[in-house]
Structure formats: C-alpha cells, structure tokens
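Asks: I am attaching a structure below and will ask some questions about it afterwards.
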Amino acid sequence: MVKRELTNQMEEVEMSVEMGDQVLGSGTTAPARAAGVTKASRQVSDPVMDLQKVHVFYGDYEAVREVDLPIASREITAFIGPSGCGKSTLLRSFNRMNDLIPGARVEGKVLYHGVDIYGPDVDAIEVRRRVGMVFQKPNPFPKSIFDNIAYGPRVLGRSKKDMDGIVEQSLTRAALWDEVKDKLDESGMALSGGQQQRLCIARCIAVNPDIILMDEPCASLDPIATAKIEDLMRELAEDYTIVIVTHNMQQAARVADRTAFFTAEVDGQNVRHGRLVEFDLTEDIFLNPRRSTEDYISGRFG
Amino acid sequence: MPAFEFFQTVPITDFLFGTEWAPLFADPEFGVLPLVSGTLVITGIACLVALPIGLLLTAMYLSEYAADKTRRTLKPILEILAGIPTVIFGFFALEFVTAVLLKNIWPQTEVFNALSAGLVMGVMIIPTVASLSEDAMSAVPRGLREGAYALGSSRRQVTLKVVVPAALSGIVAAFVLGVSRAIGETMIVAVAAGLQPNLSLNVFEGMQTMTSFIAAAGSGDQPTGSIGYQTIFAVGALLFLMTLVMNLFSIRMVRKYREVYE
C-alpha cells in the first residue's frame, strides 16, 4: 500500500519537476540530476532561500555544522534524519526563531531572496512575517477560532472590515472552514488535534507568508489527521514554499519534492554535530538509497 | 455573636448609612461610612500604585523581557521585600513620605494623611502582586509565545495580546490577594493615616480605616459586653463581608475573561 503510494507519488514528482524544468528552461535532464548533490543543488535555480555555510551554535556547542542548502520556490523540501541531528534547529534558523533561545547563534549566510536575514539591518519580526511556522505540537492561542486567525492580520494592522474575509479565506485554504464555520467564536483549544493543527496552518496563511516552515507537524496526530495535513501541504505547495521536518520517511516520500538527509556525526571529542549528508530530489534519495550511504562512507559528503 | 448583640442595639441602617462614627463617645454615633470610605480611599491609592508598577512593569519585565540571570537575581530580592514588617512601612510613610516628600510638594498636608499611607501600602503589596503574576505569566506554555512570534509579533504584542490574556486568571488572583492584604493592613494606616474617622475624599487629610479602628478600640479598655466591645465585632463582620464580596466578584471576572490553555 505504502509502496504503491510511493510509486504514484514519484511519478507525480517526476512530472512536476519536468514541467518545472520546461518553464525554467534549465535544460537539465533526469539522469544528470541523479548524479549527485552538487548537480541537484544547482538545479534549484533562483532559490527563495539559500543557506551558505550555515553553522548553528548553542553557546559553545555546535549543533549544526556547515550546511549549504538551497530551497526551491513553491516546492516542498523535507528534512529527514535521526533525532538530534539538528533538523529542527536548522529549520528554526530560517525565520530566526533561534533568536528566542538564549545563547543560540547562527554563523554563515541565510539568504532570503538574496538578503542575509541575519544581516545587521534586518528586523527579525519582518523575517517572521514572510517566513511563517507551524510547530510540532499544535499551539492555537486560547482564544476563539476567529481570533486565532485574526491575530496575525491584526498585528499587521489590517483593518477590521477585511477581517471576516481573511478569516474565511484562510480557514477555507486550510480545509477547515466547513468544519468550523458555525462555531467561530468557540475556543480554538476545543478542536481536535488535527483540527488544531489545521487551525495553526490557517493562522499562518492569514498573514500571507512566502515560506511556511513545518516542524514535524504530524508528530502528535493520528494517521487520518496526518493524511489530511499531507493533502493540504500538497495543495499549499502551489502557492507557498514549504519546508518540513519529519521523522517519518514515508511522509517525506509522499509529500516532498526534494529531501535533505541529515545525520549526527561524532567528532574527535565525542561531541555530536548535525550534518547534511545528502540533498536531492526525493525520488533519488529514496530510490537509490545505497548510493547516498556509499557516498557518505567514502567521505564525499562527510 | 457580639456582632448580633450590636445590631440589636443599633439599627443596621444607622450602622451602614450613618455618616458619623463616634461609638466610644458619651453621645455615640454608629455610622460606619467614614471607616468604609477611609478603607476604600487608602486601598484605592494602594491599587493605583501596585497595579501599574507591580503588575504591568515588574511582572511583565521579569517574565518576558529580563534575561534569565536577571530574573533569578531580582525575584528573590522582590520576595524579601514582602517580608518587611508593616510597622516599618508605617514609619517610613510617616517620617519620610509625609514629612520629607508630601510636606514639600503640598504644604497643607496634614501630619496624618491618607495619601502617604496609601502610597506606601501600594509599595508594600507590589512584591506579592508582581511575584504571583510573574509566576502565572511564566507558566504560559512556550508554544504559545513561539506561535505568536512566528506570526511576526513584537515582544510587546506577544506579552500584551498572548501572555497576559492567557495568564489572566493567575494575574487577577495575584491582584486580589494584594488588595486583600491592603484592606486588611493595619499598622501602616494606624501609624501614617491617623485615627480620626473622616468621611472625605481629600487624601491630604487623616482618615481612619476599619482595621485601624479595630486595632485602636481593641487595645483600649472596652469592658466585655459593652457597646464599644460589640462595635469591634460589627466592624470586623463588615470587613469580612467586603473581602468576601470582592473575592466572589473577582472569581466571576476571571471565569468570564480568562483564556484556558490546557
């Protein structure tokens, strides 16, 4: 079952990528793409976000070591890898959420449309308005469903008369409107886990970001709720760039256009650092896993 | 029970609505309003001091703005302040706030006045209010803050629109506890506000509160069973009733406005 889905998904991905190539006119053919990480990276022409030699530290501890990674526009990029390999940490450097953790610091460049978001003139608040985030545990505000969605637009200073429209639009977009339209004044906390997570996605969409980061958005959900969120992600990828961290390999295979594989590497002092092992089209990562392992062992990526 | 005996002698309407309080005089008057107004005026001043400083500034700063190290240093100091004996606050009000500050700014200030007692009482309850509301705010899950920050809110917006509403029940509880301490406070008012019952809103005049009457009358030589003795219990019962009503009211307010996050 999973396998069949996976194959179907691969075909879809293949198609969408080829269509993308035609539009972009990159001229790269599929076999060339399969040749390795450098070529796959090069394919991401005009990346919406581009990490260049990014290291993330917590105090003296280097949690993520030297990552180069472009994020393609209107695609889903998945981060997979074992626990403690720095996936979430890296994701949180995309919208400067790491700023909130005392002692956390990012080295290297995190370019958003060519601008380093850790640059001296950049306002973290402005970054977060463009790069939204959905968290592992659904975290709706203890306010009404309406107020949950309206929070972001209100902070942005959107006028009151637009609010009903924004709320309906965002909830519709997050495939939640039909379930909640009659109880908009009830607390967002009263919804089920899956609905809460879609509420959080709707809340994120309401401020109309460019990129949506999802940190294991289905980790606390049952399979049905997970399937709904995954469908939603595919739909949203038509308009938004999505970066998702997941522990679930199948999930990455089902939804992601590209996949980055991270692992924790132990250095000479017995300290673990997160490293990017391989970044490629999802199909290549999953259909030729042996190659990535082999390359990893032979040190080409290590 | 002496309170019941009191109301057999004095009609309850005379007690509640009378404007003269002189129960121990040869020609006694039992209107409790001057004591109630004195209590409310002084407590009100204390709230005006403690609400903005204790709640809005101190608690919000400690919970949302201060670095971890600062908070761990400041909070114990704040809590030590809560342990200062109130008689010391009382003399601070009389000898410093009245004599040095108020007399210079407003020379007509009486030696015993409601303003200095209220101000100092406000300072006294700041630690209680600030420390408890900071606890309530720190207990708000990190996920809520992160959700708000991720939508591009500033720190001020996160604090005022997410953290404070979510912690509201704890904050109100902290404030009610502070106000209850203020209403029940005796030493500061007895020392700094004087013992003259005074139905007035002029805060530069001396006033007597319900508690300071009880203290003064109780330490005098009222024979057991006399009307003066019973008066103490009547005032005490009213004081109890007032705090009870205030607590019930605040519980209702909390039920209505709080945001349950669990």
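Derivation of every value follows stated rules applied to the coordinates shown; laboratory data play no part. For clarity, every value in this text was computed on a predicted model and none was experimentally measured. Heads up, the Cβs are rebuilt from the backbone with ideal geometry, glycines too, and the neighbour counts pull from every protein chain shown.
Asks: If you place +1 on the Cβ of every Lys and Arg, -1 on the Cβ of every Asp and Glu, and leave all else neutral, what size is the dipole of the stretch B:2-257 about its Cα centre, to the nearest 20 Debye?
Replies: On the way: 14 positive and 16 negative charges, 321 e Å.
That gives the stretch B:2-257 a dipole magnitude of about 1540 debye.
Asks: So if I place +1 on the C-beta of Lys and Arg and -1 on the C-beta of Asp and Glu, and nothing else carries charge, what would the dipole magnitude of the protein assembly as shown be about its Cα centre? I want it in debye, nearest 20. Kindly include the intermediate steps, with their values, before the conclusion.
Replies: Values: 51 positive and 64 negative charges, 85 e Å.
Here the protein assembly as shown has a charge dipole of around 420 debye.
Asks: When the dipole is taken about the Cα centre of the stretch A:100-198, and only Lys, Arg (+1) and Asp, Glu (-1) are charged at their Cβ, what size is it in debye, to the nearest 20? Kindly include the intermediate steps, with their values, before the conclusion.
Replies: Details: 15 positive and 14 negative charges, 24 e Å.
In debye, rounded to 20, the stretch A:100-198 gives about 120.
Asks: Another question, then. With the cut-off at 30 Å, tell me which of the pairs A:LYS143/A:LYS228; A:LYS183/B:LYS161; B:LYS75/B:LYS103; A:LYS160/A:LYS183; A:LYS87/A:LYS161; A:LYS53/A:LYS143 have Cα atoms farther apart than that. Don't skip to the answer; put the middle values down first.
Replies: Numbers: A:LYS143/A:LYS228 24 Å; A:LYS183/B:LYS161 22 Å; B:LYS75/B:LYS103 33 Å; A:LYS160/A:LYS183 20 Å; A:LYS87/A:LYS161 40 Å; A:LYS53/A:LYS143 41 Å.
Over 30 Å apart, Cα to Cα: B:LYS75/B:LYS103; A:LYS87/A:LYS161; A:LYS53/A:LYS143.
Asks: Using Cβ contacts closer than 10 Å as the measure, can you line up A:HIS273, A:HIS113 from fewest to most? Please report the intermediate quantities before stating the final value.
Replies: Values: A:HIS273 19, A:HIS113 13.
Ascending Cβ contact count within 10 Å gives the list A:HIS113, A:HIS273.
Asks: Could you tell me which of B:TYR261, A:GLY86, B:LEU168 has its Cα farthest along the dipole of the protein assembly as shown towards the positive end, charges placed at Cβ (Lys, Arg +1; Asp, Glu -1), taken about the Cα centre?
Replies: Result: A:GLY86.
Asks: Can you give the angle from 0 to 90° between the axis of helix B:168-184 and the longest principal axis of chain B, with both taken from C-alpha atoms, to the nearest 10?
Replies: Rounded to the nearest ten degrees, it is 20.
Asks: Report the net charge of residues surrounding B:LEU168, where surrounding means a beta-carbon distance below 9 angstrom and charges are Lys +1, Arg +1, Asp -1, Glu -1. List each step's numbers first, then the result.
Replies: Values: positive: B:ARG258; negative: B:GLU259.
That works out to 0.
Asks: Now a separate question. Quick one: Cα centre-to-centre distance for the stretch A:120-152 and the stretch A:154-224, in angstrom?
Replies: Here the answer is 11 Å between Cα centres.
Asks: Can you pull the one-decimal nm distance between simple spin-label points at A:ILE101 and B:ILE53, each 7 Å off the Cα toward Cβ?
Replies: Going from the A:ILE101 label point to the B:ILE53 one covers 3.9 nm.
Asks: With runs of 4+ DSSP H residues as the only contributors, calculate the mean residue ellipticity of the protein assembly as shown at 222 nm using -39,500 (n - 2.57) per run, divided by the residue total and rounded to the nearest 500. Display every interim value, and only then the final one.
Replies: Numbers: 24 runs with 276 residues, N = 564.
Counting only the DSSP helices, I get -15000 deg cm²/dmol.
Asks: How high is the relative contact order of chain B, in percent, counting Cα pairs under 8 Å that sit 6 or more residues apart?
Replies: 28 percent
Asks: Further question: Once the principal axes of the Cα atoms of the stretch A:147-302 are found, what is the range along each, listed largest first in whole angstroms?
Replies: Per principal axis, max minus min of the Cα coordinates gives 61, 31, 27 Å.
Asks: Follow-up question, since we're still on this one. Counting every Cα pair in chain B, what percent are over 29 Å apart? Can you show the working numbers first?
Replies: Details: 14107 of 34191 pairs.
Of all Cα-Cα pairs in chain B, 41 percent lie more than 29 Å apart.
Asks: Further question on the same structure: Provide B:MET242, B:MET124 in ascending order of the number of other Cβ atoms located within 10 Å of each residue's Cβ, fewest first.
Replies: Numbers: B:MET242 17, B:MET124 27.
If I rank by nearby Cβ atoms, fewest first, I get B:MET242, B:MET124.
Asks: Which ordering of A:ILE229, B:ILE88 is given by a fewest-first count of other beta-carbon atoms within 10 Å?
Replies: Numbers: A:ILE229 23, B:ILE88 14.
Lowest count first: B:ILE88, A:ILE229.
Asks: A further question on this structure: Taking Cα atoms, how many degrees apart are the long axis of helix B:210-219 and the longest axis of chain B, rounded to 10 and kept between 0 and 90?
Replies: 50 degrees
Asks: Work out, in µm²/s and without decimals, the Stokes-Einstein translational diffusion coefficient of the protein assembly as shown at 37 °C, 0.692 mPa s, Rh from Kirkwood over C-alpha pairs.
Replies: 117 µm²/s
Asks: Run the numbers on the stretch A:144-193 and let me know its relative contact order in percent, using alpha-carbon pairs under 8 Å that are six or more apart.
Replies: Details: 24 pairs, mean separation 29.5, N = 50.
Contact order relative to length: 59 percent.
Asks: Let me ask something else. Using Cα atoms only, what is the angle between the long axis of helix B:33-50 and the major principal axis of chain B, expressed in degrees (0 to 90) to the nearest 10?
Replies: Here the helix axis deviates by roughly 20 degrees.
Asks: Starting from the Cα of A:LYS181, draw a straight line to each of the aspartates and glutamates and keep only those under 12 Å, dropping any in the same chain fewer than 8 residues away.
Replies: Cα-Cα hits under 12 Å: A:ASP164, A:GLU168.
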